[in-house]
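Notes follow the structure.
The values are calculated or read from the model by the stated rules, or taken from the named source; none is laboratory data. The shown structure was predicted, so the numbers you read here are calculated from the model rather than taken from an experiment. Cβ atoms come from the backbone with ideal geometry, glycine included; neighbour counts cover every protein chain shown. Just the protein is used for accessible areas: all its heavy atoms, side chains included, with ligands, DNA and RNA removed. Shrake-Rupley method; radii C 1.70, N 1.55, O 1.52, S 1.80 Å.
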Amino acid sequence: MNIEMVDNKTFNRSYERTIKDVCQVIHHAKLEEKDLRPLTQVLYFAEEFPDYKILELDKEVFKCLKESGKLVFRGQKTDKAVLCTNNKTFDIKEAETSNSMLLVPNLKFAEDVPVELGDRDIEEKEIVGVYHEYFELKQIRPRLLPLRNFLKMKPYKGIELEEEDQSGEGYFSTEKLLEVVQASEEELVDALRDVQAFSVNDKWRILDNDYHFRVLSQFLGLVESNSWPLDQVPIGESLSELSALFPDYVLHHIFQIYLEPSGDYTDTGMITSLEQLGGLAVLTPDSRPPAIWLLDEEDLPEDFQERFTILFSAKESWTYDEIQPYIKRLATEKQSVNSILTKYSRTSNVNGVRYHSARHGK
């Protein structure tokens, strides 16, 4: 198989290559026709070029496109656009090449042409674009900072305060969030779980702080009044006792946030642990008095340096298990939690325990 380019600025398009012309070119090129596939493709420049953009895909993204049939660009007018698969987010950057890239629809490659010898055939193909620029992709963390702000627009304050019409501003279904948050669908669902959102009438909500505290206080009061051991709290009975005060979906949500089922969900107790405060509160057991105080990971900046400055201001030294909940959301396949800690902290060993602290101490 051979390809010839004809400049239709020089040759009238009515001119057509003949088999004789092709054989002469093959001869002048000192090639043997028997060594070539029996197809010659002649390229002509189209009179007009459509306004296409070229996007470079790696094997994984291309496979996703073939399997799902879609890649999605996300971003509002003021955002820098990102491209999303079903589970990853990519930054889009413009790149240049010194070579000319020609866009030729239906061009055949060697594997598309039978090997068997036969009469040579000629096919005409049009070049519909010449490119020196293209877009390339770089995987990034999803841009989730606006998510909590959207959910704070209509926090859940109790069924008695719910609006009948929830189609307006401040109410977000999964589909609507995907229109305004730059993240893949899987990343968005994970983020909704991380910010303790729950679904009511197919809209994602977070609990109002005062209402959240009221529900939790009632539940803890029930545990105390019945003198239930913390590892033997009957969830089924708790739901039955509190359902007159709060909707079941709110109670289930509170249990999912604070409890870890130790057996069958409906009739066994719960397990509580200080580890459940990871990413939510800072523990300073060596202070006088020992203290636990709020430091919500979701309220920290996305910038690495700014985040570590706040963390080391809050507490000078952290074990890996303590600091990991504040870092894991920023990690990617190419940048693990350990590599982030290596770059932004220094380590020390005290009595066999490794601690992370600021690179430049006070």
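How large, in percent, is the carbon and sulfur part of the accessible surface of segment 193-236 at a probe radius of 1.4 Å? Could you put the intermediate results ahead of the total?
Numbers: 1150 of 2560 Å².
So the carbon and sulfur contribution to the accessible surface is 45 percent.
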Within the set of other residues whose C-beta is less than 11 Å from the C-beta of Arg205, count the net charge using Lys and Arg as +1 and Asp and Glu as -1. +1
Anisotropy class of segment 178-310 from Cα gyration tensor, a/c 1.5 cut: oblate
Give me the accessible area of Met153, 1.4 Å probe, in Å² rounded to the nearest 10. 80 Å²
Filter Lys66/Lys138; Lys93/Lys328; Lys34/Lys66 down to the pairs with a C-alpha to C-alpha distance above 28 Å, please. Lys34/Lys66
Just to be sure I understand, if you calculate Kirkwood radius over Cα pairs in Å for this structure, which of [x] 20.7; [y] 22.2; [z] 26.6 do you get? [z]
Here the Kirkwood hydrodynamic radius of segment 152-235, Cα-based and in Å, equals 15.0 Å
Calculate the length of the line joining the C-alpha centroid of segment 123-162 to that of segment 38-113, in whole Å. 18 Å
Counting only the heavy atoms of the protein chains, how much of Glu136 is accessible to a 1.4 Å probe, in Å² to the nearest 10? 70 Å²
Report the far tail of the P(r) of segment 63-167, meaning the percent of Cα-Cα pairs longer than 24 Å. 59 percent
Would you check the accessible area of Trp293, probe 1.4 Å, heavy atoms only, in square angstrom rounded to 10? 100 Å²
Anything in the chain that counts as a DSSP H helix reaching 18 Å or more along its axis (C-alpha) with Kyte-Doolittle mean of at least -1.0? List them, would you? 209-225
Taking the Cα centre as origin and putting +1 on Lys and Arg beta-carbons and -1 on Asp and Glu beta-carbons, what dipole magnitude results for segment 157-259, to the nearest 20 debye? 320 debye
With the charge dipole of segment 158-270 built from beta-carbon charges (+1 for Lys and Arg, -1 for Asp and Glu) about the Cα centre, the Cα from Gly236, Gly168, Leu207 projecting farthest to the positive end belongs to Gly236
Take each of the peptides 300-308, 344-352, average the number of other beta-carbon atoms within 10 Å over its residues, and list them starting from the highest. 300-308, 344-352
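Counting only heavy atoms of protein chains, what accessible area per residue, in Å², does segment 1-160 have with a probe of 1.4 Å?
On the way: 11030 Å² over 160 residues.
I get 69 Å² per residue for this part.
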Rank these by accessible area, largest first, 1.4 Å probe: Tyr258, Tyr211. Tyr258, Tyr211
